[in-house]
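The values are calculated or read from the model by the stated rules, or taken from the named source; none is laboratory data. Quick caveat, the model's predicted, so the values are computed rather than measured. All Cβ positions, even for glycine, are placed from backbone atoms using ideal geometry, and neighbour counts span all protein chains on display. We work out accessible area using only protein heavy atoms, side chains counted, and drop any ligands, DNA or RNA first. Shrake-Rupley method; radii C 1.70, N 1.55, O 1.52, S 1.80 Å.
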Amino acid sequence: MASKYKMELYTVFLLLGHTLLTTSTQASEIFKCQLDNGKLSFQDSPCPDSAKEEKIIYESESKKAVSVSESILGKWCQTGMSKTMGGNLNLSKSAQWNFKNQNQVSVVYLSNIGNASHQEKFFQYILQDTTIKIENNYLGNWEIMEQSEKVMIIQKASSKEYAHLKRGDC
């Protein structure tokens, strides 16, 4: 009788321990969906086929959500600008963006490369949520609209234009 009671108690502790371990280390996914009408939706299931999707992964309740939009460090090639997210690109507005030291950015327009007076200049920036605030009036503030490991689309606050960037040198 005592042996049966010990076995049941052991089983309960084993199940309880397993439950605690799996719930504390299990990652949860949230899907950020940009719908055709431009509105954002956050949900626990994948986005509809017509929506643009970004996964946000929660490692645990005690950790901050890790979003791909936080990782902008490095060089990005601006392949062009557009008036809408998925619009035709104006390829004459190509530039090399360089985010370094988590607070400095330079933007060199490719038409200036080769110019004898050209020199890469870095400006301070602050990343707040998805807003890149650059301490230079010409460059201004940008909103990260979409980002993956290799692609980033940002919208300039003052002109509502979209810059399309791919990771790496131009």
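When the C-alpha to C-alpha distance is required to be over 23 Å, the pairs from 39/93; 52/166; 52/121; 32/100; 39/100 that qualify are 39/93; 52/121; 32/100; 39/100.
On the accessible surface of the range 80-170, probed at 1.4 Å, how many percent belong to carbon and sulfur atoms?
Carbon-and-sulfur percentage of accessible area, whole number: 46.
Scoring 126-136, 156-166 by mean Cβ neighbours within 10 Å over their residues and listing the highest first yields 156-166, 126-136.
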